[in-house]
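Take a look at the structure below.
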Number of protein chains: 2
Amino acid sequence: MKIVIDGMGGDNAPQAVVEGACMAVNEYGVDIIITGDKDQIENELKKHNCDKSKIELVHTTQVITNEEKPVSAIRRKTDSSMVVALKMVKDKKADVVISAGSTGALLSGGVFVVKRIKGISRPCICSSIPTIDGGYVMLSDTGANVDCNVENLHDFAIMTDIYAKRVMGIENPRIALANIGTEEAKGNDLVKKSFEDLSEEKSINFIGNMETREILNGVCDVVVCDGFIGNIILKTLEGTVISLLKTLKQAMMSTTKSKIGALLMKSELVKVKDLLDYTAVGGAPFLGVEGGVIKAHGSSNARAIKNAIRQGIALHEGNVVNEIKTYIENMGDKEA
Amino acid sequence: MKIVIDGMGGDNAPQAVVEGACMAVNEYGVDIIITGDKDQIENELKKHNCDKSKIELVHTTQVITNEEKPVSAIRRKTDSSMVVALKMVKDKKADVVISAGSTGALLSGGVFVVKRIKGISRPCICSSIPTIDGGYVMLSDTGANVDCNVENLHDFAIMTDIYAKRVMGIENPRIALANIGTEEAKGNDLVKKSFEDLSEEKSINFIGNMETREILNGVCDVVVCDGFIGNIILKTLEGTVISLLKTLKQAMMSTTKSKIGALLMKSELVKVKDLLDYTAVGGAPFLGVEGGVIKAHGSSNARAIKNAIRQGIALHEGNVVNEIKTYIENMGDKEA
């Protein structure tokens, strides 16, 4: 197995990427290819100890930024660290590509370079959110498709179910539909139709509608929604956690008494912060394309990169791409 | 001015409703009508001191529950505390109706009993969320309209702008569009078209797209969105705050050391909790109908009811209904 990583993608590239790759070599003994500026990456590699024979370096001359238009960046910048990495998966020189670079560009590259699996209406990006019971809830889609139909949501449910089973190790994932009430008749037109559609799909454990009020409480394993809603949920949630923790920190630092109190509670507060730490998850897989594609958070540190690599290994070992293809084939048999 | 309040609506009715009404009479000297079961309400009234001549009681025999289908409940239960209260506004016997009962029923009642303002495509419900800088952000719509078009969002923006100015006292409200990125080209089909449309509306201070990650940070005064998105934002936000505070509480109570720490920080923590307290806001106005309609939170306590009454007074004194009508008339003049 080989993992290729976009050495120039993300706010902390190439430092965090290279350090994360070295950590992954030490912990998982995996073979890694890093694409990017040779000099910069070699310079970073010198700073870390690991079996360097496990790391291959592929020099590229271009970098795709967050400011560029995704589709044209992927088409134009053929010698960018991201496009070269994506091509390696397309050409089976690597099994999984990881990038902390532009989300839009990576998704476009997933579709235009790696290519969509035939039979899947739309690939989706699946984000895992830590829940307060110590587990995770997976949310699909979180931004790849902003206008969806029932078939799209159906595909998201199927693919995320496979991912939950094969990568997250959940035996019988509870699949719910993001809605504004739990009753069957609730929601907008798309969600009402999807409720009916998912209720009829026997291959998944569809448990009905879920109000996003419950999202951190571990009431389901997978939340199905279009990419606009999913992105809104994800960002509202992240923003609320950040704003609330910031306010709490200010409150703790406001008086001498509260400072002493905060000091006494420190180890417990760190546990709460850790519980909600996105870096533990790694990244978000782009499901429905002909190879492993993982989007790491733009602000990934070395630990987040290392965890994204661990996730990449699990994605490959879990045979997720082939499992999705098998589902499509069986569906064809049923329909025929 | 007269405020009519649905005496039987809400989880804590009629106790909290009656107590809140008495508090409002004492604080604001307002005249209040309470609809509901005479015996129960009189029994509650006895428990509180206020000028009882300011409170009129209208006996009703029916109650609309959360479990009933909104439209049929409004049509069938003509002697319910909610319908009788709504009719008083329709018949100009009261200026504003407040209910903590079924949201769906109150919205249906707003449209079928009080009636839509001619020229407004769809009325909207506007929820105010406390921000961490001590202000509020208003979100429209938060559930009245789950499938919207550009015209609907336009009306929501105009009506909430008027509410923000006349009731919340904001001079030049910053109006933003809820989106998954700040760039103009971001979003689903509806949001992209709305961006263009709102950019051309000269009567409001449209500041562009807002990522919901920023919602608690006071970056804008009004967030425009359809009712499905708005409800998702509201519930994700509320759920995250509740889950996080619960986890923090557990962390604080987990060791003797952390308990002492929590004790030392108590007054500061209470301030944070107060900052995010929905009961301070009162309720959510239903804008675009021919009278004041305010939805109080289902779990409203007496303080929340009192604050909803204060808000009802401001809604009437701010002349919001007439201001909306004036806007529509002027728009007609322009178009003619």
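At-a-glance table
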{"item": "Residues that are surrounded by 17 or more Cβ atoms within 10 Å (Cβ to Cβ), acidic (Asp, Glu) and farther than 15 Å from A:Gly20 by Cα, drawn from the range A:36-62", "result": "A:Asp37"}
{"item": "Residue within the range B:59-71 that is in contact (Cβ under 8 Å) with a residue 40 or more places away in the chain and under 16 Å from B:Gly288 (Cα atoms) present", "result": "no"}
{"item": "When residues of the range B:250-284 are limited to those that are part of a loop (DSSP other than H, G, I, E, B) and surrounded by 17 or more Cβ atoms within 10 Å (Cβ to Cβ), the one nearest to the other protein chains (Cβ to nearest Cβ)", "result": "B:Leu276"}
{"item": "Given (1) in the same structural domain as A:Ala144 (by the TED database); (2) among the β-branched types (Val, Ile, Thr); (3) at pLDDT 95 or above, number of the condition A:Val272 does not satisfy", "result": "(3)"}
{"item": "Single condition A:Asn231 does not satisfy, out of (1) in a helix (DSSP H, G or I); (2) within 7 Å of chain B (Cβ to nearest Cβ); (3) surrounded by fewer than 24 Cβ atoms within 10 Å (Cβ to Cβ); (4) not basic (Lys, Arg)", "result": "(3)"}
{"item": "Residue check for A:Lys325: surrounded by fewer than 19 Cβ atoms within 10 Å (Cβ to Cβ), basic (Lys, Arg) and closer than 30 Å to B:Ser267 by Cα", "result": "no"}
{"item": "B:Gly292 vs. criteria farther than 13 Å from B:Ile162 by Cα, in the same structural domain as B:Ala21 (by the TED database), of a type outside the set (S, T, N, Q) and touching a Phe, Trp or Tyr at 6+ places or on another chain (Cβ under 9 Å)", "result": "yes"}
{"item": "Considering residues of the range A:253-305 that are basic (Lys, Arg) and without any contact (Cβ under 8 Å) to a residue 24 or more places away in the chain only, the residue nearest to A:Ile125 (Cα to Cα)", "result": "A:Lys271"}
{"item": "Hey, A:Gly298 more than 9 Å from every other protein chain (Cβ to nearest Cβ), touching a Ser or Thr at 6+ places or on another chain (Cβ under 8 Å) and surrounded by fewer than 21 Cβ atoms within 10 Å (Cβ to Cβ) or not", "result": "yes"}
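Per-residue answers, yes or no, for (1) under 16 Å from the mean Cα position of the chain (by Cα); (2) crowded, with 24+ Cβ neighbours inside 10 Å; (3) small (Gly, Ala, Ser):
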{"residue": "A:Ser140", "(1), (2), (3)": "yes, yes, yes"}
{"residue": "A:Asp155", "(1), (2), (3)": "no, yes, no"}
{"residue": "A:Asp161", "(1), (2), (3)": "yes, yes, no"}
{"residue": "A:Ala164", "(1), (2), (3)": "yes, yes, yes"}
{"residue": "A:Val167", "(1), (2), (3)": "yes, no, no"}
{"residue": "A:Glu171", "(1), (2), (3)": "no, no, no"}
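Residue-by-condition table, conditions (1) out of contact with any Pro (no Cβ under 9 Å at 6 or more places or on another chain); (2) farther than 30 Å from A:Asn66 by Cα; (3) free of Cβ contacts under 8 Å to residues at least 60 places away in the same chain:
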{"residue": "B:Gly169", "(1), (2), (3)": "yes, yes, yes"}
{"residue": "B:Pro173", "(1), (2), (3)": "yes, yes, yes"}
{"residue": "B:Asn179", "(1), (2), (3)": "yes, no, yes"}
{"residue": "B:Thr182", "(1), (2), (3)": "yes, no, yes"}
{"residue": "B:Lys186", "(1), (2), (3)": "yes, no, yes"}
{"residue": "B:Lys193", "(1), (2), (3)": "yes, no, yes"}
{"residue": "B:Ile204", "(1), (2), (3)": "no, yes, yes"}
{"residue": "B:Thr212", "(1), (2), (3)": "yes, no, yes"}
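The values are calculated or read from the model by the stated rules, or taken from the named source; none is laboratory data. Computed from a predicted structure; not experimentally measured. When we count neighbours, we look across all protein chains shown, and the Cβ atoms used for this are built from the backbone with ideal geometry, even at glycine.
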